[in-house]
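The structure appears right after this line, and notes come after that.
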């Protein structure tokens, strides 16, 4: 009997130990605190507010709290996802993640280089008449129009005449004459109508040498350094390294002495990442 009791006691101790040693496995919902840094020690992200403040990081939009994710579901980078497997609650582990298991290698096709000095045409042409889908037309000027109506294009001083309108398409003609000065919101300069023929309207930029202009969507401004009847020469004025966001993702912009480099690779592409991870909980 005594021997049986001893065996039962050992079994209980072993079973209790197993329960206390639950580890992370695929499919678990877990939460972790982390500090992410580069190989040189520079911290780029963390879930811990004190660490963020010490490293002058941009505040998290949702505040600082443990990161929650389902292991193996791709919610985090591969090296992080696989690195937490086998961890126990309260354990801290350092994960060294190569680019292949992080944000991938840098792709040259995602890097575009443009000259810092650019020449563009001083004149442009646009068709005198055009046909567009009714849905596109109504999105800009609103519904309820008919043939013969004169309509102003929003954010410009340009008027158009509706030549014909059906349930699917609308034919339009610009209401312009030679000498008209036209403007549109966001354009770097006004333009003058210098010619109208049966098909096209020719416009010339109203701009002077040495003025500073703002090109649409560019985070830098540009100086007109050359001007003649054919071309406008712009020098794009350097700015510090900048990251802009668009529907296509983020683009990092850098200037050197001769070029503008626009890089759409993820900020951490090509870099080995080091994460100090503490497992906070394994959740159901």
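None of the figures in this text is laboratory data; all of them are computed from the coordinates on show. It should be emphasised that the depicted structure is a prediction, and the values quoted were computed from it without experimental measurement. A quick note on method: Cβ atoms are made from the backbone with ideal geometry, for glycine too, and the neighbour counts reach across all protein chains shown.
A few points about this structure:
- Dividing the helix sum by the residues of the chain, where each DSSP H run of 4 or more adds -39500 (n - 2.57), gives a mean residue ellipticity at 222 nm of -4000 deg cm²/dmol.
- Computed label-point distance, nm, for sites residue 147 and residue 58 using a 7 Å Cα→Cβ extension: 5.4 nm
- Taking 185, 139, 177 in turn, the Gaussian network model of the chain (Cα-Cα springs below 10 Å) assigns the largest fluctuation to 139.
- The Rg/Rh ratio for the chain, using Cα coordinates for both the radius of gyration and the Kirkwood hydrodynamic radius, is 1.23.
- Estimated FRET transfer efficiency when R0 is 45 angstrom, pair residue 167-residue 196 (beta carbons, to 0.05): 0.90
- The range 166-222 shape via C-alpha gyration tensor axes, a/c threshold 1.5: oblate
- For the chain, a Gaussian network of Cα nodes joined below 10 Å ranks 103, 34, 174 by mean-square fluctuation, and the top entry is 174.
- Gaussian network model of the chain, Cα within-10 Å springs - most flexible of 256, 56, 206: 56
- Rounded if a/c under 1.5, otherwise prolate or oblate - the range 16-113, Cα gyration tensor axes: oblate
- Where labels lie 7 Å past Cα in the beta-carbon direction, separation of residue 212 and residue 259 in nm: 2.7 nm
- Both radii were evaluated on the Cα set of the range 70-212; the Rg over Rh quotient, with Rh as the Kirkwood radius, amounts to 1.31.
- Euclidean distance between Cα centres, the range 116-133 to the range 45-61, Å: 47 Å
- Rounded if a/c under 1.5, otherwise prolate or oblate - the range 130-284, Cα gyration tensor axes: oblate
- Sites residue 284 and residue 107, calculated FRET efficiency, Cβ-Cβ separation with R0 41 Å, nearest 0.05: 0.55
- The angle between the Cα long axis of helix 2-20 and the main principal axis of the chain comes to about 10°, on a 0 to 90 degree scale.
- If R0 is 35 Å, the Cβ-Cβ spacing of residue 239 and residue 25 corresponds to a FRET efficiency of close to 0.10.
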